[in-house]
Structure formats: structure tokens, C-alpha cells
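See structure below.
The values are calculated or read from the model by the stated rules, or taken from the named source; none is laboratory data. Values in this document were obtained by computation on a predicted structure and should not be read as measured data. Please note: Cβ atoms are built from the backbone with ideal geometry, for glycine as well, and neighbour counts cover all protein chains shown. The area values use the complete protein model at the heavy-atom level, side chains included, leaving out ligands, DNA and RNA. Shrake-Rupley method; radii C 1.70, N 1.55, O 1.52, S 1.80 Å.
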Amino acid sequence: MKFKIYSHRFAENIVKDDLGFKDDYEELINVIEHIKDFDLEDRFKLEKQKRPNTKSLSTAINGLIRERLESCGWNSESAIFKEAEYIKGNTSYWRLDFAKNDICIEVAFNHREAVPHNMLKAVLSTEGNDMLEKEYISQIGVIITATKELKKTGNFDSAAGTFDDFVELLKPYSFFIRCPMIVIGLEGLETFYIDKKTKMPVELTSQ
């Protein structure tokens, strides 16, 4: 997939220049770049067979990223805190989607009201806490989300947060988000789109 990047607190420079981050970051970028439209369309059709009410590409993208990162040794659903009350129940709320060495990742296609919490998960993972013992400690956070174009062609919910929402909030929240952070916005589809009415893939024909 094609994507755009917003770098907070020089995060992009750090992951490209610091050998402690470079290999893991390049691994992540390689995974994203090798997700093709035909992968997404095939995965969407499989998801549709399992859950006929599937309407967007969010599950398909999440699934492909998960499988390919896990095959590269990334941990999924890593707990931020050790205390049981923050592990059981709504596990995703206090867990990182993916983590490896010093990088943590959130794949965020949910409601725009969740944008601040998705960003603050990286802060919780990178900073110390006097009241809770940490399970996983990282140094840089990465958010993977949809651009407005992907939101449209992938038929995401109208209330879903986008790349622009994360970038907009990072500025006023910068005082609280002291860790380096990269926001990756996945670009729109090039060969098909999910029809809003039929909720099925429609091929794009070249003019």
C-alpha cells in the first residue's frame, strides 16, 4: 500500500538513522508496502464469507498486517501494565496492537473519539508510572490509520478517525505526547473500491 507520514518529535529521523530502530522500522514499512490491492480484495471476500455484514476493509487490513508482522517476530496484544485489572476485561484498551524491541504500534481505524487514547497508549508505554508496574516499555510509537481517500474507497464508517485527525490533535496534545511518534496514513485503493450500498468490491476501470 502507498502511504504518507507525519513525524512528531523527529521520530522519522530517529528510526532511519539510529541502528537500534532502523531494522524494525524498515521491517514494518516493508510489510505495509507489500500489501497489494488484490491481497485486500481477496481478504475482504474471505471476511465477507465468515461475516456477511462486513462492510469495510478495516478487518482485512488489520488481519494482513497482523499476520505479516507476527511472521517477522512482532508481538501482538502486548500488555502495557502488569496488574491483572489492566489485562483482563477490555484487553485492547490497555494493550499495544504490536510491539518489538523499542517500537510500539497501534492500528487505528476506530471512532475519531478514540484518537487521543490511541496516541496516549504509546505515551503510557514509553514513560514511567509511579502507581503501576510496566509490562512493556518502548521508546517510539507508530500509529497506522486511514487517509480520507482510504476511508472513502474502503467504505469505513463515517465516524472513523483519519490521518488528518491524528495530525490535527498531535499539535495541541504535543505537551503530553513527549515521545517520538510517527503517524502512517494508508492511501486510497487504486484498482477497486467497496460500494457503499452493496458493500461489495467494485473494480475500477481505467479510462
Pairs please, first residue from the range 136-156 and closer than 30 Å to LYS82 by Cα, second anywhere and open to solvent by 40 Å² or more (accessible area, probe 1.4 Å), Cβ atoms under 7 Å, 6+ apart in sequence or on different chains. SER138/ASP102; GLN139/ASP102; ILE140/ILE14; ILE140/ASP102
Just need a number here: residues in the range 161-186 that are touching a strand residue (DSSP E or B) at 6+ places or on another chain (Cβ under 8 Å) and in contact (Cβ under 8 Å) with a residue 60 or more places away in the chain. 14
When you scan the range 75-92, how many residues do you find that are assigned to a helix (DSSP H, G or I) and either of a type in the set (A, V, I, L, M) or within 25 Å of ILE29 (Cα to Cα) (or both)? 2
What is the one condition in (1) more than 16 Å from the chain's Cα centre (by Cα); (2) open to solvent by 40 Å² or more (accessible area, probe 1.4 Å); (3) not basic (Lys, Arg) that PHE192 does not satisfy? (2)
Kindly indicate whether ILE103 is open to solvent by less than 50 Å² (accessible area, probe 1.4 Å) and within 30 Å of GLU41 (Cβ to Cβ). yes
Out of all the residues in the range 119-131, is one or more more than 21 Å from LEU96 (Cα to Cα), open to solvent by 30 Å² or more (accessible area, probe 1.4 Å) and under 16 Å from the mean Cα position of the chain (by Cα)? no
Considering (1) surrounded by 13 or more Cβ atoms within 10 Å (Cβ to Cβ); (2) more than 24 Å from ALA159 (Cα to Cα); (3) at pLDDT 95 or above; (4) over 15 Å from the mean Cα position of the chain (by Cα), say which one SER71 fails and leave the rest. (1)
Test ASP24 against the stated conditions and say whether it is modelled with pLDDT of 95 or more and in contact with a Leu (Cβ under 7 Å, 6 or more places away or on another chain). no
Just one of the numbered conditions (1) under 29 Å from LYS199 (Cα atoms); (2) β-branched (Val, Ile, Thr); (3) open to solvent by 50 Å² or more (accessible area, probe 1.4 Å) is not true of ILE137; which one? (1)
Restricting attention to the range 140-179, report how many residues are of a type in the set (Ser, Thr, Tyr), open to solvent by 10 Å² or more (accessible area, probe 1.4 Å) and under 26 Å from ASP24 (Cβ atoms). 2
Which pairs turn up if I take residues in the range 29-48 that are touching a residue at least 40 places away in the same chain (Cβ under 8 Å) and under 23 Å from VAL142 (Cα atoms) and look for partners that are in a helix (DSSP H, G or I) and among the charged types (D, E, K, R) with beta carbon separation below 8 Å, at least 6 apart in sequence or on another chain? VAL31/ARG68
Flag for ILE65 being open to solvent by less than 20 Å² (accessible area, probe 1.4 Å) and modelled with pLDDT of 95 or more: yes
